[in-house]
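The values are calculated or read from the model by the stated rules, or taken from the named source; none is laboratory data. Remember, predicted model here, so these are calculated numbers, not experimental data. Virtual Cβ from ideal backbone geometry, glycine too; neighbours counted across all protein chains shown.
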Amino acid sequence: DIPRRFLEQIMLDLKSRGWVVSIPGRDGGFELAKDPGEITMGQVVRHFDGVLAPITCVSTSHYEPCSQEGACRFRRVMLDIRNYVARMMDSATLAKVFAGSVVRREEVFSPEMTYGDGI
């Protein structure tokens with residue numbers, strides 16, 4: 001349900017990274033320029049969002065100091081989250097994502113996977 005113009009901008013951005021090539025003609029479009037096993041979700045998310053870190057004081061690329069760094073215990077949790085997410089995203093190639101299964105609604109609302117309100 002992405003508007004065509006917006007999708008075209010995304011595809012041109014992916015083309016500038018060398019991840020896709022355009023196919024001219026009436027039945028043209030775009031296709032991957034690299035093997036899907038060579039492109040990771042971490043690369044894609046970093047390209048579009050810039051960071052994987054949940055807060056800037058644990059970001060390597062967009063670090064911003066915080067006055068509470070020397071005493072903050074919350075920061076440890078955020079660093080662990082950043083490291084976990086980075087490992088997961090960097091090991092998830094487009095090939096692995098495509099080969100994986102679709103998330104079922106039951107999985108999202110599974111009692112063992114929900115940890116309180118707001119998640």
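For the stretch 72-92, the set of residues classified as touching a Gly at 6+ places or on another chain (Cβ under 7 Å) and aliphatic (A, V, I, L, M) consists of Ala86, Met89, listed by residue number.
Listed here are the residues, each with its yes/no results for (1) surrounded by 10 or more Cβ atoms within 10 Å (Cβ to Cβ); (2) outside the structural domain of Ser16 (by the TED database); (3) at pLDDT below 95.
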| position | (1), (2), (3) |
| --- | --- |
| Ala53 | yes, yes, yes |
| Cys66 | yes, yes, yes |
| Gly70 | no, yes, yes |
| Leu79 | yes, yes, no |
| Tyr84 | yes, yes, no |
| Arg87 | yes, yes, no |
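Inspect the stretch 38-45 for any residue being loosely packed, with under 10 Cβ neighbours inside 10 Å and free of Cβ contacts under 8 Å to residues at least 60 places away in the same chain and give the result as yes or no. Looking through the stretch 38-45, none of the residues is loosely packed, with under 10 Cβ neighbours inside 10 Å and free of Cβ contacts under 8 Å to residues at least 60 places away in the same chain. Counted as qualifying within the stretch 1-104 are the helices (runs of 4 or more DSSP H) with 2 or more residues that are of a type in the set (Lys, Arg) and at negative phi, namely 4-16, 74-91. Determine if the stretch 30-37 includes at least one residue that is exposed (fewer than 10 other Cβ atoms within 10 Å of the Cβ) and within 30 Å of Gly100 (Cα to Cα). For the stretch 30-37, residues exposed (fewer than 10 other Cβ atoms within 10 Å of the Cβ) and within 30 Å of Gly100 (Cα to Cα): present.
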